[in-house]
Amino acid sequence: MKQLHSIDDLSKDDVLRIYDDARSFAKTDSKHPHSEHLLNGKTVLLAFFENSTRTRISFELAAKRLSANVVSFNSSGSSVAKGESLLDTLSTIESMGVDAIVVRHSSAGVLQYYSRYTTLPMINAGDGKHEHPTQALLDCYSLIEKVGSLSGVNVTILGDLLHSRVARSNIKLLKMLGANVGVFGPGSLLHGKSLIGAFPFITLHASLQAAIEWSDAVNVLRLQNERMVGGFLPSMNEYNKHFGLVHKKAQQKRSLLILHPGPVNYGIEIDFATASSQSSLIRRQTKNGVAIRMAVLASLKL
Ligand code: CP
């Protein structure tokens, strides 16, 4: 694999190979931090122009567990605040000697843009509303751990699809792995007809009740307030009342598996009881992020 900008860069065989490797890397933990030396002598740049906890730390752990050197760049406190461009920032750090770049940025398409100026492999750690491919990889991997195969499994993505890179990557990967994909959320946050136009195989649910009845699993999205300009919702209370996955509703179907990419806004898209219930895979998702990102970094063959 030369890059991972989008799920479109992966074939099904690539995904299955990443999952095989992730199962093997999952045995690497803090007690055996350097049991793999695949990236020995290589330097991985984590270039984060937008906030992150899970993705940044799991990429750092993943790279270190493969024996790479890690350089962490955060735009806050950097010369970006003095007006330095994305191109100058990345090419300046690249000239110091790195072998691969992991990028998070608030603008969609920054990896495609910078790939015109570099030959280094780049991994997308989330670019604006475009994609978050490693999140989708770990979401589907966590589901497969529970259900064995995604073939014929019904998965609904709930909430703010309009601003969600997680949704776009998940829809593509779920489809590739044979799942049936549903969506539900407020009309103002569903892309309107364009989402269905882009992914015509999607089932659009009429209510949360209908979504729960249809689904084997739901992936609850965070309301992306930082990407909303204008009035998409009348109020958070009303959003929670009509679209929030609260315990009483989730309990209507005890077999329903619950995912959330995090960070969670408790009391808005989901409540604490549901997020921490036996049906929730949220902790597994976070844990699996390290092994999945090890497998992705290893597949770059640096
Ligand atoms: N899911 C996810 O990308 O979380 P972070 O923003 O904490 O990395």
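The values are calculated or read from the model by the stated rules, or taken from the named source; none is laboratory data. The structure displayed is predicted, hence computed values, not measured ones. Note that we place each Cβ from the backbone using ideal geometry, even for glycine, and neighbour counts take in every protein chain shown. Quick note on the areas: whole protein, heavy atoms, side chains included, nothing else; ligands and nucleic acids left out. Shrake-Rupley method; radii C 1.70, N 1.55, O 1.52, S 1.80 Å.
The figures follow:
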quantity	calculated
Qualifying position, being at pLDDT 95 or above, of a type in the set (D, E, K, R), within 13 Å of the ligand (Cβ to nearest atom) and open to solvent by 10 Å² or more (accessible area, probe 1.4 Å), among Arg116, Arg104	Arg104
Lys129 being within 14 Å of the ligand (Cβ to nearest atom) and surrounded by fewer than 24 Cβ atoms within 10 Å (Cβ to Cβ)	yes
Residues of region 246-267 that turn out to be on the phi < 0 side of the Ramachandran plot and under 20 Å from the mean Cα position of the chain (by Cα), as a count	9
Segments classed as helices (runs of 4 or more DSSP H), wholly inside region 203-302, with at least 3 members that are within 26 Å of Asp9 (Cα to Cα)	282-299
Out of Ser78, Ser95, sole residue that is out of contact with any His (no Cβ under 8 Å at 6 or more places or on another chain), free of Cβ contacts under 8 Å to residues at least 24 places away in the same chain, more than 26 Å from Leu177 (Cβ to Cβ) and open to solvent by less than 40 Å² (accessible area, probe 1.4 Å)	Ser78
Qualifying residue in region 52-74 (condition: of a type in the set (Lys, Arg), assigned to a helix (DSSP H, G or I) and away from the ligand (no atom under 16 Å from the Cβ))	yes
Subset of region 265-282 [open to solvent by less than 40 Å² (accessible area, probe 1.4 Å) and at pLDDT 95 or above]	Ile270, Asp271, Thr274, Ala275, Ser277, Ser279, Ser280, Leu281, Ile282
Criterion (modelled with pLDDT of 95 or more, in contact with a strand residue (DSSP E or B) (Cβ under 8 Å, 6 or more places away or on another chain) and surrounded by 15 or more Cβ atoms within 10 Å (Cβ to Cβ)) met by exactly one of Ile196, Ile292, Ile258	Ile258
